[in-house]
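**Q** Starting off with a structure, shown below.
The values are calculated or read from the model by the stated rules, or taken from the named source; none is laboratory data. All values derive from a computational prediction rather than experimental measurement. For neighbour counting, all protein chains shown are included, and Cβ atoms are generated from backbone atoms with ideal geometry for every residue, glycine included. Keep in mind that these areas ignore ligands, DNA and RNA; they rest on the heavy atoms of the full protein, side chains included. Shrake-Rupley method; radii C 1.70, N 1.55, O 1.52, S 1.80 Å.
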Amino acid sequence: MSSNNSVTVQILDKEYSIICPQEERSNLVSAARYLDGKMREIRSSGKVIGADRIAVMAALNITHDLLHNQERSEVQASGGSTREQVRDLLERVDLVLATDSDVTKG
């Protein structure tokens, strides 16, 4: 691939040159800025030292947020809250227990 497909991004004061399709450049730059912001946030907290550790913590935080948002989207898409789902499940269990109790009595 030619250098025309290369994008240079800066993350935590380091430059990275990344091969990227033209149509994905904007997304890559946005992702790099987001990651840089998260890593700077972690570094400024003073609780994590070292670029490798900061990167891992940022990755864990971003992944956690992603999974949490996916889970929330799935619940919203299913049309019910967790409380409603638990209530529905309890009603089903009660129904099965009642039916099972009727069978054992008969």
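**Q** Hey, what did segment 6-100 get for relative contact order, percent, Cα under 8 Å, at least 6 apart?
**A** In percent, rounded to a whole number, it is 15.
**Q** Among VAL96, VAL56, ILE42, whose Cα projects farthest towards the positive end of the dipole of segment 6-100, with charges put on the beta-carbon of Lys, Arg (+1) and Asp, Glu (-1)?
**A** Highest projection toward the positive end goes to ILE42.
**Q** OK, next. So, counting K/R as plus one and D/E as minus one, what does the shell of residues with Cβ under 14 Å around ILE18 add up to? Intermediate results must be reported in sequence, preceding the final value.
**A** Working: positive: LYS14, ARG25, ARG33; negative: GLU15, GLU24, ASP36.
Once all neighbours under 14 Å are counted, the net charge is 0.
**Q** What ranking of ILE62, ILE54 comes out by heavy-atom accessible area, probe 1.4 Å, highest first? Walk me through the intermediate numbers first.
**A** On the way: ILE62 50, ILE54 5 Å².
Listed by decreasing accessible area, they come as ILE62, ILE54.
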